[in-house]
Amino acid sequence: QVQLVESGGGLVQAGGSLTLSCAASARPFTSYAMGWFRQAPGKEREFVALISTNGGITSYAEFVKGRFIISRDNAKSTSYLQMNTLEIEDTAVYYCAAAYLRWSQSQADYNWWGQGTQVTVSS
């Protein structure tokens, strides 16, 4: 069983920044691509960002390009989502996920999920 634990969510004002962390128990951590997804009330969970196993390749949803940065520290078995210039529309529960030896933006391809962390952006 792979455990993913998100942290760093909270309440921020529009235009502000917040960094989410996802600590993983996956071994080896480098066998997993790490993704971030989010789900707003009344909406489907959607892809936000993805980083390859070694961190060499990243992919972002169009609505966060230029604002969010996904990264990973393999020595710490942790994935991060740095969120800048937050907008009210970014309010959602954010989930980190791990995909074993996969490169995919589809949540169906992710084997393991964190519990989610709430991000609320206020005006």
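The values are calculated or read from the model by the stated rules, or taken from the named source; none is laboratory data. The structure presented is a predicted model; accordingly, all values stated were derived computationally and were not measured. Here Cβ is always computed from backbone atoms with ideal geometry, including for glycine, and neighbour counts include all displayed protein chains. SASA here: full protein model, heavy atoms, side chains in, ligands and nucleic acids out. Shrake-Rupley method; radii C 1.70, N 1.55, O 1.52, S 1.80 Å.
Which of the residues that make up segment 6-20 are open to solvent by 30 Å² or more (accessible area, probe 1.4 Å) and not aliphatic (A, V, I, L, M)? Listed by number, the residues that qualify are 7, 8, 9, 13, 15, 17, 19. Taken over segment 25-40, the criterion of being surrounded by fewer than 23 Cβ atoms within 10 Å (Cβ to Cβ), of a type outside the set (S, T, N, Q) and farther than 22 Å from residue 85 by Cβ is satisfied by 26, 27, 28, 29.
Residue-level analysis places residue 67 among those that are modelled with pLDDT of 95 or more and open to solvent by less than 30 Å² (accessible area, probe 1.4 Å). Cβ-Cβ distance below 7 Å, separation of 6 or more or different chains: which pairs start in segment 40-67 with a residue that is without any contact (Cβ under 8 Å) to a residue 40 or more places away in the chain and end on one that is open to solvent by 30 Å² or more (accessible area, probe 1.4 Å) and of a type in the set (Lys, Arg)? Partner pairs satisfying both residue conditions: 51/72; 55/72.
Criterion first (at pLDDT 95 or above, acidic (Asp, Glu), farther than 11 Å from residue 78 by Cβ and surrounded by 14 or more Cβ atoms within 10 Å (Cβ to Cβ)) does residue 46 satisfy it? It is true that residue 46 is at pLDDT 95 or above, acidic (Asp, Glu), farther than 11 Å from residue 78 by Cβ and surrounded by 14 or more Cβ atoms within 10 Å (Cβ to Cβ).
Taken over segment 80-123, the criterion of being surrounded by fewer than 19 Cβ atoms within 10 Å (Cβ to Cβ) and under 18 Å from residue 52 (Cβ atoms) is satisfied by 82, 100, 101, 102, 103, 104, 105, 106, 107, 109, 111, 112.
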